[in-house]
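Asker: Sharing a structure below in structure tokens format, with a few things to ask.
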Amino acid sequence: MAGLFITFEGGDGSGKSTQSSILVDRLTNEGRTVIVSREPGGTELGVELREIILHRRGYIAPRAEALIYAADRAHNIATLVRPALERGDIVVQDRYLDSSVAYQGAGRVLNPKEVRDVSLWAVEGLLPDLTILLDLDEAIGRERLDDSRTKYDRLEAEKRDFHARVRDAYLTLAAEEPGRFLVLDGALPVESIAESIRGRVDSLLTGQPS
């Protein structure tokens with residue numbers, strides 16, 4: 001039996017971590033085997049790459065940044081995600097290749113198609129069964145970050161216009177693949193968002209339309 005690959009996407013402060021944890025807890029309580037991952041940093045090698053790409057001081061060329069993300073992605077899929085899916089497990093992951101298209105493509109003003117093509121090559125064409133996009137105005141996302149931390153990583157620290165481009169790119173991606181994306185308003189109550197996610201995931205698990 002094939003597994004299920006679910007990814008969470010959205011701007012910084014959109015609530016991905018909260019909703020991912022709620023979903024993982026629910027699936028686990030139902031007795032399902034759930035593998036939790038993130039990008040970057042889903043593997044031991046990925047943790048090292050995460051430190052370089054998010055916390056290293058100094059300039060990193062945009063193309064180099066995109067390639068480091070692709071390297072992390074390739075290793076994560078080959079050693080963690082794909083084996084789990086082949087076992088029939090559910091993989092819930094914080095960020096995937098759509099993040100690169102949005103952040104490195106639109107945010108860093110690289111060619112989005114080239115960024116996507118590199119990532120698809122790195123993962124041998126693997127796409128999620130469901131991508132949950134939590135859409136949130138970048139100003140609200142910034143307020144949430146300001147309330148929750150005192151230190152920002154390299155991407156979180158970018159200016160508002162960068163994050164506005166990222167948001168627009170995400171919405172474009174979702175419009176291009178409506179069958180894969182579930183777009184939810186990240187400003188809604190946590191319980192309301194979780195219930196919408198539950199409905200879509202249950203439909204995938206039972207094979208019934210949502």
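Asker: Taking the condition modelled with pLDDT under 90 and either loosely packed, with under 13 Cβ neighbours inside 10 Å or assigned to a loop (DSSP other than H, G, I, E, B) (or both), does Glu156 pass?
Answerer: yes
Asker: Is it the case, given these coordinates, that Gly3 is of a type outside the set (Val, Ile, Thr) and on the phi > 0 side of the Ramachandran plot?
Answerer: Criteria not met by Gly3.
Asker: Then there's this: Could you please find all residues in the range 159-186 being modelled with pLDDT under 95 and farther than 13 Å from Val101 by Cβ?
Answerer: Across the range 159-186, the qualifying residues are Lys159, Arg160, Asp161, Phe162, His163, Ala164.
Asker: If we keep just the residues of the range 25-45 that are of a type outside the set (Ser, Thr, Tyr) and under 15 Å from the mean Cα position of the chain (by Cα), which is surrounded by the most Cβ atoms within 10 Å (Cβ to Cβ)?
Answerer: The initial filter retains those residues of the range 25-45 that are of a type outside the set (Ser, Thr, Tyr), namely 25-27, 29-32, 34-36, 38-42, 44-45.
Retained after the next criterion (residues that are under 15 Å from the mean Cα position of the chain (by Cα)): 35-36, 38-42.
Values: Ile35: 19, Val36: 16, Arg38: 22, Glu39: 23, Pro40: 24, Gly41: 20, Gly42: 26.
This residue is Gly42.
Asker: Step by step: first the residues of the range 92-143, then only those that are of a type in the set (Val, Ile, Thr) and free of Cβ contacts under 8 Å to residues at least 60 places away in the same chain, then the one that is farthest from Pro62 (Cα to Cα). Which residue is that?
Answerer: Val123
Asker: Would you please list the contacts, defined by Cβ atoms under 7 Å and residues six or more apart or on different chains, that run from a residue in the range 144-162 that is more than 17 Å from Arg56 (Cα to Cα) to a residue that is modelled with pLDDT under 75 and surrounded by 11 or more Cβ atoms within 10 Å (Cβ to Cβ)?
Answerer: Matching pairs, first to second residue: none at all.
The values are calculated or read from the model by the stated rules, or taken from the named source; none is laboratory data. All values reported here derive from a predicted model rather than from experimental measurement. Quick reminder, even Gly has a Cβ in these numbers, built from the backbone with ideal geometry, and neighbours come from all protein chains shown.
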